Amino acid sequence: MPNNNVETVVEIEEYDETTNEYGPDDFGFVLGPDGDLKSFMIPEHLMDDPPEEVLIILSLFGIDDIHDLENRTLH
């Protein structure tokens, strides 16, 4: 049986360290190897009014109320 695996290498010529730093308005999602949500970072000042896109992502993990995350261990 032939091996049909194809490997793609993408080289990035310029690296901008500032793109990897978290800002005061950034959200973060950490997923485990099984795809489960392990951790979630949210700016405290946006807890009362998070963007709709963030709420949609959380709903994919069964989280309907962002305030449930304050006292919840995800992993």
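Bear in mind that the values in this text are calculations on the coordinates, not laboratory data. Remember, predicted model here, so these are calculated numbers, not experimental data.
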Take the eigenvalues of the Cα gyration tensor for region 17-71, scale each by 5, and report the square roots as semi-axes in whole Å, largest first. 18, 16, 10
Full extension between residue 39 and residue 61 adds, at 0.36 nm per residue less the Cα distance, a length in nm of 6.8 nm
